[in-house]
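Here the structure comes first, spelled out in C-alpha cells, and everything after it is commentary.
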Amino acid sequence: MKILLVVPEYPPYHVGGGGEVFKNLAENYRRLGHEVTVIYGYYPTKTWSDEIIEYQDKNGIKFIQIPELPYLKSMSFLKTAMPPNFGSLLKLKNIIKKENPDFVHLHGYGLIFINIIAIILQRLNIEYIFTIHGYPEKPNKSNIFVRLIWNIYIKVIMNKTLRGAKKITCVSNYVKEDKRNIFPEKSIVIFNGLNFSDFDESKEDIDIRERHDISAKTKIIFSLGRITEMKGFQNVIKLIPRLLEQGVDVRYLIAGNDDGYKKTLDTLAKKVGVENNILFVGFLNLEEKKQYLKQCDIFAVPSLQEPFGLICLEGMVYNKIILTSNTGGLREVFENYKNTIMIDDADIVGKIMTYKVKPADQGLFRRFDYDLITKLYLDVLK
C-alpha cells in the first residue's frame, strides 16, 4: 500500500513530542513493507519564496518539505501554525496527484496547512483518516477578536476536515470525548507510544551532577517539554520553598525550548526566592535526555492540560518517581503505573522525602509499543 503521511512538522524540524510520533509512524509503516511519502510543514524559512525540497532517507521514505510563511519571532507558538507560502500552495494539488496514494493519514487539529491538504484530498476524492493529538488552547485565551476568528475557522474549515475523514483517531479517551471532536461516533482511540528500543542503552556518558555542579546530597527534580504555561512548571517552582524549609536541598532542571513563558518562570522564581535552585538546560537530544531521565531523583510532569503525555512514558521507562497533576490524558497513561505523587497531595513534601520506588510492571508498556500502534492504524487505513 502507498501511504501518504501529512504532518505539521518532522524531525529535526519539530518543536514538540509530535515530531517523534510522526517519525515512528513513518518508519514503522515502511518497516512493514509499505511505500511511504511524508509531506511536512517546514517552519525555519528565511523568505516568503523558499522552494519545496524533496529527498529520500536511508529507509527509503520519501520526504516533501513544504515551506511555510515565516512566523514572527516574537510569537514562537506560530512556528508550526503558518500556511504554506504562495508558490508552494499552487503546487500542492499536483504533488498529491503525482503521488497518487492509496490512503492518506493527516495529523494536526486546527492547523491551516493540514486543512488545505484535506480540502485538496476531498476534491480529488482521495480517502484520509485524521488523527487528533489535542486542541490548541492559546486562541481561546486571546482577545475577543482572535476568539471570534478562531471559532469561525473551526466551524467553517476544521469541522469540514473532520466531516470528510473516513475515520478519526484520537490519542486518548480524553481527546475523543472533548466536545470539539464533533464526530465521536466515527472516532476511535489509538494511543501514542515510544520506540522502546531507543531507550535500551545510552551512547552518551554524561554525569548531570558534574555538568551542573550539583552535590550528591541534593535532590534533582527534572521536567521536560516546551516552556509554556500549560506545562505547569510554575507549580513545581512554587513547591520548592516548602522543600527547602524542610531541609531538602533541591535543584529543578527544566529542559526544552522556550515558547515565550520562560521570563514569567524567572520572575516567579525570584519572587519566591528560589532563583538559584532553578536551571533551564535548553533542548536535549535523545541521548542527553536519556541520561537526565535516568539520573534525576524525581521526574515532574505537572501539566495543567495534557491530551496524552508522551513524556510520561519516557519517565516510566526508567521507573522514576513521577510528580504529576494526573490531568487529562495523563490519567490513561499512568493507569497501572505505581510510582506517582500527585502535585496537589496535602502531604506532598513528606512523600517526596520518604517515597520508596515500587518495582516496575513491564506489561503496562505493551499498549504503547509502535508495533501494535502501527498495526492498529493500518487496520483503520484498509
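Nothing in this text is a laboratory measurement; each read-out follows from the coordinates by a stated rule. The model shown is predicted, which means the values in this text are computed figures rather than measured ones. Please note: Cβ atoms are built from the backbone with ideal geometry, for glycine as well, and neighbour counts cover all protein chains shown.
Multiply the residue gap between ILE348 and PHE86 by 0.36 nm, knock off their C-alpha separation, and tell me the result in nm, one decimal place.
Full-extension gain reported as 89.0 nm.
Report relative contact order for the chain in percent, whole number only (criteria: Cα-Cα under 8 Å, sequence separation at least 6). If you can, show how the numbers build up before the last one.
Values: 676 pairs, mean separation 51.9, N = 382.
Computed over the chain, the figure is 14 percent.
Show me the chymotrypsin sites (Phe, Trp or Tyr not before Pro) within the stretch 219-287 that DSSP assigns to loop and that have at most 15 other Cβ atoms within 10 Å of their Cβ.
PHE283
How big is the dipole moment of the chain about its Cα centre under a simple scheme where the beta carbon of each Lys and Arg is +1, that of each Asp and Glu is -1, and everything else is neutral? Debye, nearest 20, please.
Dipole about the Cα centre, nearest 20: 1080 debye.
Please report THR354, THR264, THR161, THR340 as a ranked list, fewest other C-beta atoms within 10 angstrom at the top and most at the bottom.
Details: THR354 8, THR264 14, THR161 24, THR340 20.
Ascending number of Cβ neighbours within 10 Å: THR354, THR264, THR340, THR161.
By how many degrees, between 0 and 90 and to the nearest 10, does the Cα long axis of helix 233-245 differ from the longest principal axis of the chain?
Orientation of helix 233-245: about 10 degrees from the principal axis.
By count of other Cβ within 10 Å, fewest leading, how are ILE53, ILE116 ordered?
Numbers: ILE53 11, ILE116 20.
With the sparsest Cβ surroundings first, the list reads ILE53, ILE116.
Give the span of the stretch 199-364's Cα atoms along each principal axis, as three whole-Å numbers ordered largest to smallest.
44, 37, 32
Please give the length that would be gained between THR264 and LEU286 if that part of the chain were fully extended, namely 0.36 nm times their separation in residues minus their C-alpha to C-alpha distance (nm, one decimal).
5.2 nm
For the stretch 180-193, take each phi angle, set θ = phi - 60°, evaluate the Karplus expression 6.51 cos²θ - 1.76 cosθ + 1.60, and give the result in whole Hz per residue in order, putting x for glycine and proline.
The phi angles translate into 6, 7, 7, 10, x, 5, 10, 10, 10, 9, 10, 5, 6, x Hz.
Taking 32 Å as the cut-off for C-alpha to C-alpha distance, list the pairs among LYS73/LYS219; LYS238/LYS289; LYS91/LYS290; LYS93/LYS167; LYS138/LYS382 that go past it.
Beyond 32 Å: LYS73/LYS219; LYS91/LYS290; LYS138/LYS382.
Volume per residue, Å³, of the convex hull around the alpha-carbon atoms of the stretch 2-190?
For the stretch 2-190, the hull spanned by Cα atoms encloses 122 Å³ per residue.
Using a 10 Å cut-off around each Cβ, can you sort TYR355, TYR10 from fewest to most neighbouring Cβ atoms? Could you put the intermediate results ahead of the total?
Values: TYR355 15, TYR10 21.
Result, fewest neighbours first: TYR355, TYR10.
Under 17 Å Cα-Cα from LYS231, which aspartates and glutamates qualify once same-chain neighbours fewer than 8 residues away are excluded?
Filter leaves GLU137, ASP258, ASP259, ASP266, GLU306, GLU314, ASP344.
Relative to the longest principal axis of the chain, what angle (0 to 90°, nearest 10) does the C-alpha long axis of helix 286-295 take?
Rounded to the nearest ten degrees, it is 30.
Between Rg and the Kirkwood Rh of the chain, both from Cα atoms, what is the Rg to Rh ratio?
Over the Cα atoms of the chain, Rg/Rh equals 0.97.
Pairing the Cα long axis of helix 86-99 with the longest principal axis of the chain, what angle in degrees results, from 0 to 90 and rounded to the nearest 10?
Compared with the principal axis, the helix lies near 70 degrees.
May I ask you to list the GluC sites (Glu not before Pro) in the stretch 51-139 that are in a DSSP loop and have at most 15 other Cβ atoms within 10 Å of their Cβ?
Qualifying residues, ordered by number: GLU51, GLU127, GLU137.
Please list the non-local residues whose amide H lies under 5 Å from the amide H of LEU323, H modeled 1.01 Å from N, same-chain partners needing a gap of 5 or more.
Those qualifying (amide H under 5 Å, at least 5 residues apart or on another chain) are PHE299, ALA300, VAL301, ILE341.
Taking 8 Å as the Cα distance limit and 6 or more residues as the minimum spacing, I'd like the relative contact order of the stretch 199-364 as a percentage.
Once normalised by length, the contact order is 23 percent.
Each label point is 7 Å from the Cα along the Cα-to-Cβ direction; what then is the distance between the points at ASN140 and PHE183, in nm?
Modelled inter-label distance: 2.1 nm.
Over the stretch 44-125, what number does the Rg to Rh ratio reach, with both radii from the alpha-carbon atoms and Rh per Kirkwood?
0.97
Give me, ordered by chain and number, the residues 5 or more places off VAL281 or on other chains with an amide H under 5 Å from its own placed amide H.
ILE254, ALA255, GLY256
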